[in-house]
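The values are calculated or read from the model by the stated rules, or taken from the named source; none is laboratory data. Please read these numbers as outputs of a predicted model, since none were measured by experiment. In this analysis, Cβ positions are derived from the backbone assuming ideal geometry, glycine residues included, and neighbour counts consider all displayed protein chains.
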Amino acid sequence: MFTDKTIEKFQGLATPFYFYDLDVLRSTCETVRKSAENRGYRIHYAVKANPNPRLLKIIASYGFGADCVSWNEIERAISAGISPSEIVFAGVGKTDRDIEAALKAEILCFNCESIPEMEVIDSLSAKFKKTATIALRINPYIDAHTHKYITTAIQESKFGINIWELDELMKRLADMKNVTLKGIHFHIGSQITKMAVFKSLCSRINELQDWFSSHNVNLEMINVGGGLGIDYENPEKTARFEEYFALINEFINVKAGQSIHFEPGRALVGQCGSLISKVLFIKKGSNTQFAIIDAGMNDLIRPALYQASHKIENLTSKNNKLRYDVVGPVCESADTFAKYIELPETKRGDIVAIRSAGAYGESMASRYNLRDLPGAVYSDEL
């Protein structure tokens, strides 16, 4: 990813910034397109992972749709060239403004997460003389074996409709004249690396399909959501899309006329991005050395929020390796990217890359401590 020429250019740029290797993104998108097309699958990129306009335009060019969780994300997706007819709208807290704007845009589907939400969509649809297509986000009670903050399908989660609510839901749905139930939707968590988790999801989907069939409901869409993880220790590796799609193909009982939908986010963009920073100071501690860099938790919050691990590389030093805590300048002890990791002997002014930062990096950046937001640099600009 980083040639000598690229590293030389980095030295003349103001840090911190996100660097996006567009060839990596295109290669990943091509892998997904081929694997999905072979099975007739439909892809909706999860915009929350990274709404960067340049990345979105590339993703749109591969014919993918979008999974959005706010009207602003829908608007950004449409401006990037994604058709509203390929946009699904998820989220537990859709505002009236969000719903009204999405109805006017004529998006593909609302992924509904509660009975009260369905009632509001029905009411607003009637107001605008429209009929909304909905899918039910059902909580399948599957442990994704990932961090608790990104596990979403366990009992007492704020996400999704509980299975025990379905009988009541179907009774209420019969009185709603401005919504049409077309599918079911799932999202069991994020950064899932154990394929057995997705196999369990397939079994639950098959059970629920049988339940809906017994209630004379023909489902046109089965949306398995996202969650496929990436390898943070090996940033050059693409996510295991072919294995993932093959598993879904093998274990979901697809009925005639059904389409299968996916909502990848991290798996599409995670490996194309790195956070580039400069070393400000080397500070000696009693048991370690601190490499204090100019990127902070406001630029990349994942390590502080999820205790996430990113590979860190010193791009400008080839010296013997020493141990460092890599920390940022923000006034929080949580502003730590890694502890006691091995790096080439590091000094002030060295350029470091925090890898696999294309997802949930720039999109979650803030101005905490009134720091500037990180910029973005693209491989075709250097």
Quick one: which residue in Gly328, Gly375, Gly285 is outside the structural domain of Arg76 (by TED's automatic domain parsing) and exposed (fewer than 14 other Cβ atoms within 10 Å of the Cβ)?
-> Gly285
In region 161-211, which residues are assigned to a loop (DSSP other than H, G, I, E, B) and not β-branched (Val, Ile, Thr)?
-> Ala174, Asp175, Met176, Lys177, Asn178, Phe186, His187, Ser190, Gln191, Lys194
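Looking at Leu300, Leu275, Leu343, Leu280 in this structure, which one is assigned to a loop (DSSP other than H, G, I, E, B) and either assigned by TED's automatic domain parsing to the domain that holds Pro51 or modelled with pLDDT of 95 or more (or both)?
Details: Leu275 fails: assigned to a loop (DSSP other than H, G, I, E, B); Leu343 fails: assigned to a loop (DSSP other than H, G, I, E, B); Leu280 fails: assigned to a loop (DSSP other than H, G, I, E, B).
Answer to the check: Leu300.
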Given (1) touching a Lys or Arg at 6+ places or on another chain (Cβ under 7 Å); (2) assigned to a helix (DSSP H, G or I); (3) closer than 17 Å to Thr15 by Cβ, index of the condition Ser363 fails = (3)
Which ones in region 303-321 are exposed (fewer than 15 other Cβ atoms within 10 Å of the Cβ) and not in a loop (DSSP other than H, G, I, E, B)?
-> Lys321
For residues that are free of Cβ contacts under 8 Å to residues at least 40 places away in the same chain and not in a loop (DSSP other than H, G, I, E, B), scanning just region 366-382, find the one that is farthest from Ala267 (Cα to Cα).
-> Leu370
List the pairs whose first member sits in region 70-97 and is over 16 Å from Cys109 (Cα atoms), whose second member is at pLDDT 95 or above and part of a loop (DSSP other than H, G, I, E, B), and whose Cβ atoms are under 7 Å apart, counting only residues at least 6 apart or on separate chains?
-> Arg76/Pro51
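So, Tyr306, is that one hydroxyl-bearing (Ser, Thr, Tyr), within 25 Å of Asp231 (Cα to Cα) and touching a strand residue (DSSP E or B) at 6+ places or on another chain (Cβ under 8 Å) or not?
no
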State the number of residues belonging to region 234-267 that are assigned to a loop (DSSP other than H, G, I, E, B) and at pLDDT 95 or above.
-> 14
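What's the total number of residues in region 286-315 that are of a type in the set (A, V, I, L, M, F, W, C) and in contact with a Gly (Cβ under 7 Å, 6 or more places away or on another chain)? Quick ask: steps written out before the conclusion?
Quick first cut of region 286-315, residues of a type in the set (A, V, I, L, M, F, W, C) only: 290-293, 295, 297, 300-301, 304-305, 308, 312, 315.
Those still in the list that are in contact with a Gly (Cβ under 7 Å, 6 or more places away or on another chain) too: 293, 295, 297, 300.
Total meeting the criteria: 4.
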If we scan region 309-323, do we find a residue that is within 17 Å of the chain's Cα centre (by Cα) and within 30 Å of Pro53 (Cβ to Cβ)?
-> yes
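For (1) surrounded by fewer than 17 Cβ atoms within 10 Å (Cβ to Cβ); (2) assigned by TED's automatic domain parsing to the domain that holds Glu165; (3) of a type outside the set (D, E, K, R); (4) in contact with a strand residue (DSSP E or B) (Cβ under 7 Å, 6 or more places away or on another chain), each residue gets a yes or a no:
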{"position": "Asp210", "(1), (2), (3), (4)": "yes, yes, no, no"}
{"position": "Asp231", "(1), (2), (3), (4)": "yes, yes, no, no"}
{"position": "Glu242", "(1), (2), (3), (4)": "yes, yes, no, no"}
{"position": "Leu247", "(1), (2), (3), (4)": "no, yes, yes, no"}
{"position": "Val254", "(1), (2), (3), (4)": "yes, yes, yes, yes"}
Of the candidates Ala132, Ala105, the one satisfying the condition of being touching a helix residue (DSSP H, G or I) at 6+ places or on another chain (Cβ under 6 Å), on the phi < 0 side of the Ramachandran plot and buried (at least 24 other Cβ atoms within 10 Å of the Cβ) is Ala132
What about Arg33, is it closer than 17 Å to Arg240 by Cα, assigned by TED's automatic domain parsing to the domain that holds Ala105 and assigned to a loop (DSSP other than H, G, I, E, B)?
-> no
Could you say whether any residue in region 352-367 is within 22 Å of Asp231 (Cα to Cα), charged (D, E, K, R) and surrounded by fewer than 21 Cβ atoms within 10 Å (Cβ to Cβ)?
-> no
Does at least one position in region 39-59 carry a residue that is outside any helix (DSSP H, G or I), more than 26 Å from Asn234 (Cα to Cα), assigned by TED's automatic domain parsing to the domain that holds Asp96 and of a type in the set (Lys, Arg)?
-> yes
Residue check for Ser356: part of a loop (DSSP other than H, G, I, E, B), small (Gly, Ala, Ser) and at pLDDT below 95 | no
Here are Arg76, Arg26, Arg39: which of them is loosely packed, with under 15 Cβ neighbours inside 10 Å and among the basic types (Lys, Arg)?
-> Arg39
